[in-house]
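First, the structure itself, so that you have it in front of you.
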Amino acid sequence: FKDCVPLVYHEDLESYIQRIADGASSPILTGKPIKTISLSSGTTQGRPKLIPFNDELLETTMQIYRTSFAFRNKEFPIRNGKALQFIYSSKQFKTKGGLAAGTATTNVYRSAKFKSTMKTIQSQCCSPDEVIFGPDFHQSLYCHLLCGLIFRDEVQFVFSTFAHSIVHAFRTFELVWEELCGDIRDGVLSSRVTALSIRTAMSKILKPNPELADLIYQKCAGLSNWYGLIPELFPNAQYIYGIMTGSMEPYLKKLRHYAGHLPLMSADYGSSEGWVGANVNPMLPPEMATFVVLPNIGYFEFIPLKENSQDQEQEGDGGAIVAKENKPVGLTEVKVGEVYEIIVTNVAGLYRYRLGDVVKVMGFHNATPELKFMCRSNLLLSINIDKNTEKDLQLAVEA
């Protein structure tokens, strides 16, 4: 496989993926035709990348969800509760060739398999689908908060894809909490929510409840600078869950302020292109989180990188620092303490694809490596010959 298939970047596959999106009659990258396209959250040359998405890739997503839930549930067993999930789905659109396209999370949330998996792992969302798939982010966020308060005693954990979204949700709560109490007291949804689909769905949940409104009002009035807001609002919540590594780390201080005594658990490691590993040590603080590679969701290789500068050379005048290329090694050949760039071969048409992530091997879980995300390999700030990674910038901003 290594002899026959070259290493590729996204730009090497762009023309093939574009042909798929334009409705080419032959399958091109996969045996079965691709029917859905994901848009990456990151951008290349100022626009999102197009990435193939199929049922097999969706199944690997569900496997990651089930695996990490099993390890979380050993520490914090959940019993038929609900999850306050700040999740949002943007609209899918059609490509020139008639394929459905949307963000990777949109493609996941719109699948029937997602709903059944959430039910299996007892992580059903407090909010109705109309809120998740609402046309306006701000209206959806307001209603997520409202649904959480209505079902406050049933909320077992708080989740969003990214830590930033949880912080943003509770910063918003600080501004609208009195309005939310008013909605609960009168059983009438605020006029700020104008989307008919959301108003109709919420009318089935929202009933006048002055006692609950008074209780929430007292809880909020009794807090000092909103410290411990989440456990105060949701007394049976056991933890807060979301991606908290990499560029999400700067939000942890504020998130801990809202969380009070509740533990923060970092969600799994993946990208728009697909998943890499699950967090099987959920009790580790997010700054120390590691991710165990699931060996059957793809074929993974690792290019050894040297951290010291003599093994790096500069491209052109003032160009990027490029590590001298070493030969990729397999999943079982990586060494603890070494740093690598990940190469992914997945079930949706990416072969020996350079993901652009740099990871450090922290240990092994049985025979599969535990990885710590370090940085993006292609994000380097070069000022006056001084090279700074994303991590360097993050530490400087925090200081």
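Which ones in segment 19-38 are polar (S, T, N, Q) and open to solvent by 70 Å² or more (accessible area, probe 1.4 Å)?
Residues of segment 19-38 that are polar (S, T, N, Q), as a first pass: 25-26, 30, 36, 38.
If the condition is that a residue be polar (S, T, N, Q) and open to solvent by 70 Å² or more (accessible area, probe 1.4 Å), then SER25 is the only one that fits.
Next question. Just to be sure, is CYS125 touching a strand residue (DSSP E or B) at 6+ places or on another chain (Cβ under 9 Å) and in contact (Cβ under 8 Å) with a residue 12 or more places away in the chain? First the steps, then the outcome.
Values: touching a strand residue (DSSP E or B) at 6+ places or on another chain (Cβ under 9 Å): yes; in contact (Cβ under 8 Å) with a residue 12 or more places away in the chain: yes.
So CYS125 fits the description; yes.
Among the residues of segment 99-110, what is the count of those that are part of a loop (DSSP other than H, G, I, E, B) and either closer than 14 Å to PRO52 by Cα or open to solvent by less than 20 Å² (accessible area, probe 1.4 Å) (or both)?
Filtering segment 99-110 down to residues part of a loop (DSSP other than H, G, I, E, B) leaves 99, 110.
If we keep only those that are either closer than 14 Å to PRO52 by Cα or open to solvent by less than 20 Å² (accessible area, probe 1.4 Å) (or both) too, we end up with 99.
So the count comes out to 1.
Right, next: Could you check segment 359-372 and list, in sequence order, the residues that are in a strand (DSSP E or B) and either open to solvent by 40 Å² or more (accessible area, probe 1.4 Å) or under 14 Å from PHE300 (Cβ atoms) (or both)?
Here is the first cut: in segment 359-372, the ones in a strand (DSSP E or B) are 359-365, 368-372.
Correct list: VAL359, LYS360, VAL361, MET362, PHE364, HIS365, THR368, PRO369, GLU370, LEU371, LYS372.
Still on this structure, please answer the following. So the check is Cβ under 7 Å with 6+ separation or different chains; which pairs have a first residue in segment 108-121 that's under 23 Å from GLU273 (Cβ atoms) and a second one that's of a type in the set (A, V, I, L, M)?
Matching pairs, first to second residue: VAL108/LEU58; TYR109/ILE87; TYR109/ILE132; SER111/LEU58; LYS113/LEU58; LYS113/MET62; PHE114/VAL108; THR117/MET62.
Another question, then. Quick test of your reading of the structure: PRO295 fulfils all but one of (1) without any contact (Cβ under 8 Å) to a residue 40 or more places away in the chain; (2) open to solvent by 10 Å² or more (accessible area, probe 1.4 Å). Name the failing condition by number.
(1)
The values are calculated or read from the model by the stated rules, or taken from the named source; none is laboratory data. None of the values given here were measured: they were computed from a predicted structure. Every residue, glycine as well, gets a Cβ built from its backbone with ideal geometry; the counts of neighbours run over all protein chains shown. Surface accessibility is based on the protein's heavy atoms, side chains included, excluding ligands, DNA and RNA. Shrake-Rupley method; radii C 1.70, N 1.55, O 1.52, S 1.80 Å.
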